[in-house]
Amino acid sequence: MAVKTDMSKAYDSEVLSGLCRNAQLDVSLQGLRVANKSPRVNHLLFADDTMFFCRTNPRSIETLKRIAKEYEEASEQCINKEKSAVTFSKRLPMI
């Protein structure tokens, strides 16, 4: 699953990276590999946009929601939900 978020301002990317890194270390947000044996990627930062990559399971989704909430509270800025999007892999089964 990929989640593209649009932040109101491009502040505190270190805070967001730290939250994602901690979640990856405790295996609650694993990220995805782009090639065999490559490091896992769970987020990419572009100016005021962030792309999150995670598995589609309840633990990863809850962790991603928690990270977004903590980041909004710490930075005092909001994620623009109208400019954000969620994308799923074509291989994800429909239920």
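The values are calculated or read from the model by the stated rules, or taken from the named source; none is laboratory data. Quantities reported herein were computed from a predicted structural model and do not represent experimental measurements. We place every Cβ from the backbone using ideal geometry, glycine too, and count neighbours over all the protein chains shown.
Can Lys37 be described as charged (D, E, K, R), loosely packed, with under 12 Cβ neighbours inside 10 Å and within 11 Å of the chain's Cα centre (by Cα)?
Values: charged (D, E, K, R): yes; loosely packed, with under 12 Cβ neighbours inside 10 Å: yes; within 11 Å of the chain's Cα centre (by Cα): no.
So Lys37 fails the test.
Check Leu29 against each of (1) within 14 Å of Val15 (Cα to Cα); (2) in contact with a Leu (Cβ under 8 Å, 6 or more places away or on another chain); (3) among the aliphatic types (A, V, I, L, M) and name the one condition it does not meet.
Answer for Leu29: the failing condition is (1).
Identify the residue in segment 50-77 that is in a loop (DSSP other than H, G, I, E, B) and among the charged types (D, E, K, R) and, among all such residues, is modelled with the highest pLDDT.
Here is the first cut: in segment 50-77, the ones in a loop (DSSP other than H, G, I, E, B) are 54-57, 76-77.
Retained after the next criterion (residues that are among the charged types (D, E, K, R)): 55, 76.
Working: Arg55: 83, Glu76: 80.
Across segment 50-77, the extreme among qualifying residues is Arg55.
Limited to segment 16-49, what total is found for residues that are outside any strand (DSSP E or B) and of a type in the set (Lys, Arg)?
Filtering segment 16-49 down to residues outside any strand (DSSP E or B) leaves 16-31, 34-39, 42, 47-48.
After this cut, where a residue has to be of a type in the set (Lys, Arg) as well, the list is 21, 37.
Selection size over segment 16-49: 2.
Pairs please, first residue from segment 12-28 and touching a residue at least 60 places away in the same chain (Cβ under 8 Å) and on the phi < 0 side of the Ramachandran plot, second anywhere and surrounded by fewer than 17 Cβ atoms within 10 Å (Cβ to Cβ) and assigned to a helix (DSSP H, G or I), Cβ atoms under 9 Å, 6+ apart in sequence or on different chains.
These pairs meet every condition: Val15/Glu70; Val15/Ala74; Val15/Ser75.
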